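Please read the structure below before turning to the comments.
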Amino acid sequence: MSTSKKEASSAEAYVNDYATLVVPRDKRRSSFSLAMVLIGSIICLSSIYTGASFAGELTLRQVVIACLVGNVILSVLGGAMSYIGTRTGVGIAMLMRQCFGVLGNYIIAILTAVVELGWFGWQCGFFGDTIHAMFPGAGFITDPTVAAIWGGLLMMTTAYIGYKGLELLSNIAAPLILITCIAGCVIGVVKVGGMEAFSELSLEVSGGMTVATGIVSVIGAYVMGTVLQPDLTRYGKKESHSVIGAVFGFIVANSFVILAGYFICVACNTSDVSAALMQILGAWALVMLIFAQWTTNDNNLYFSSLAATVAFPRFKKKHIVLVFGIVATIAGAVGIVDSFTTWLSLLGTGIPPVAGILILDYFFLKKKDYHFGEGVKHRFCSVPAIVAWVLGCIVGYTVSWGISSINGMVVAGVVYVLMFLIFKNKPEALYIGGTYMEDAKGAVSKVSE
């Protein structure tokens with residue numbers, strides 16, 4: 001290939017953010033950068049609200065236990081998925097070609113694109129409502145619809161730029177949010193007269209929530225995000241650094257944000273997060289609010305556009321971001337997405353079981369032997385993966401005991417392994433639909449029989 005053609009190919013790959021290609025080693029990012037991006041994606045306004053929901057329901061000791069247990073579980077899942085992303089250099093939709101086959105690749109890619117886009121729009125609307133609640137008298141700019149639109153446009157910018165945009169924002173916002181959370185906790189403690197006084201306040205609970213419920217809340221708030229970690233960690237240089245970044249992001253960063261929501265609301269004796277943030281942080285609460293929502297919601301649009309690019313490689317990722325972002329922002333701003341949150345939650349139950357199948361397939365069945373690139377062949381459809389995924393979705397949706405997402409992961413993983421082992425000597429029972437081959441751009445076409 002000539003130099004000019006190589007440069008053109010490289011430029012096209014960058015435009016699509018290596019959505020259908022392995023991220024080249026010379027394009028991988030530093031460990032610090034990756035850690036900041038992971039932390040930025042994890043810490044969000046929803047975590048503050050999770051902490052606020054514990055105020056008056058759990059003691060400080062119980063909240064700490066819920067945070068640690070819940071985030072340890074998220075760290076295990078997120079760490080495993082982060083490792084796979086860095087080791088292979090591809091995102092979650094591409095990874096599906098190995099364990100699900102080409103058909104599963106398309107199904108999961110489209111499902112992810114729809115679900116993440118829907119939540120991007122909903123978060124835009126939520127952002128607008130929160131801005132208005134905090135600054136109701138600030139005029140036109142804080143009108144819920146207007147704030148949702150300018151907030152959505154902000155979040156679109158970094159998703160449009162791609163991973164470099166996420167990186168630039170997170171390098172600034174992640175440390176700032178963590179420092180602000182720590183400061184908020186300290187100010188809250190000082191406000192009530194010290195740690196001893198705060199501890200006494202935290203003991204005034206209604207008893208309506210248990211530690212187990214708290215753990216479920218912590219896990220449920222971000223379990224879907226753990227499945228999508230490879231979309232970010234494919235840019236990592238070392239697997240160990242990606243795992244450490246994920247673990248730190250959950251156990252330390254996410255715990256701090258949850259605790260900040262709890263401390264602030266207990267100190268202000270209110271469950272109104274907006275009012276509590278204004279009392280403790282004043283106008284600085286606006287900065288925290290914007291950054292906390294921005295660093296997470298731009299990831300929703302990024303995940304969605306990346307998955308859509310894998311499913312429809314003829315379209316450029318930046319064009320997908322623009323179309324998706326504008327449509328979802330408007331839908332969220334005018335409240336259209338609010339009518340579909342039940343459906344988004346239902347569709348969302350289909351994503352966690354993917355992790356159970358992928359982790360067991362990658363580490364135990366295939367022994368990390370995943371390959372991507374020009375000339376690599378993939379099966380059309382893995383029967384065990386599809387069957388296990390469907391059963392995992394059913395269990396995740398219908399079984400109320402425990403944590404639904406974890407239930408779905410475990411069932412899907414166990415069923416997949418059992419079916420794979422039972423039929424491993426019968427390829428005709430494992431795979432159907434022939435073989436497909438990747439081309440230089442990561443697209444697949446059927447191999448002539």
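Rounded if a/c is under 1.5, else prolate if a/b beats b/c, else oblate: with a ≥ b ≥ c from the C-alpha gyration tensor eigenvalues square-rooted, which is region 307-448? In terms of gyration-tensor shape, oblate.
Solvent-accessible area per residue in region 117-179 equals 39 Å², computed with a 1.4 angstrom probe and all protein chains kept.
Values of log10 I(q)/I(0) for region 6-162 across q = 0.14, 0.20 Å⁻¹ run -1.02, -1.38, by the Debye formula with one identical scatterer at each alpha carbon and no solvent. The convex hull defined by the C-alpha atoms of the chain has an orientation-averaged projected area of 21.7 nm². Distance from the alpha carbon centroid of region 328-391 to that of region 219-261 works out to 18 angstrom.
Over region 82-121, the pair-distance histogram of Cα-Cα distances with 5 Å bins from zero comes to 6, 25, 23, 21, 18, 7, 1 percent, rounded to whole numbers. Computed from Cα positions, the angle between helix 45-54 and the longest principal axis of the chain comes to roughly 50 degrees. Over region 127-209, all Cα pairs binned in 5 Å intervals from 0 give whole-percent P(r) values of 3, 12, 11, 11, 15, 17, 12, 11, 7, 1, listed from short to long. For the Cα atoms of the chain, what angle does the longest principal axis make with the long axis of helix 383-398, in degrees from 0 to 90, nearest 10? For helix 383-398, the angle is close to 20 degrees. The alpha-carbon atoms of region 65-145 define a convex hull whose volume equals 141 cubic angstrom per residue. GNM on the chain, alpha-carbon springs under 10 angstrom: the most fluctuating residue among Val190, Val247, Val273 is Val190.
Note on region 191-303: Cα Rg divided by 2.2 N^0.38 Å, N the number of residues, gives 1.28.
Pull out a ≥ b ≥ c, the square roots of the eigenvalues of the alpha-carbon gyration tensor of region 234-350, then state rounded if a/c is under 1.5, prolate if not and a/b is larger than b/c, and oblate in the remaining case.
Here region 234-350 falls in the oblate category.
If you take the square roots of the eigenvalues of the alpha-carbon gyration tensor of region 234-274 and sort them as a ≥ b ≥ c, do you get rounded (a/c under 1.5), prolate (a/b over b/c) or oblate?
Since a/c reaches 1.5 and a/b is larger than b/c, the shape of region 234-274 is classed as prolate.
When nucleic acids and ligands are ignored and a 1.4 Å probe is applied, Lys27 ends up with an accessible area of around 80 Å². For region 254-329, the relative contact order works out to 16 percent when only alpha carbon pairs closer than 8 Å and six or more residues apart are counted. Relative contact order (percent) for the chain, with alpha-carbon contacts under 8 angstrom and 6 or more residues of separation? Answer for the chain is 30 percent.
The values are calculated or read from the model by the stated rules, or taken from the named source; none is laboratory data. The structure displayed is predicted, hence computed values, not measured ones. Surface accessibility is based on the protein's heavy atoms, side chains included, excluding ligands, DNA and RNA. Shrake-Rupley method; radii C 1.70, N 1.55, O 1.52, S 1.80 Å.
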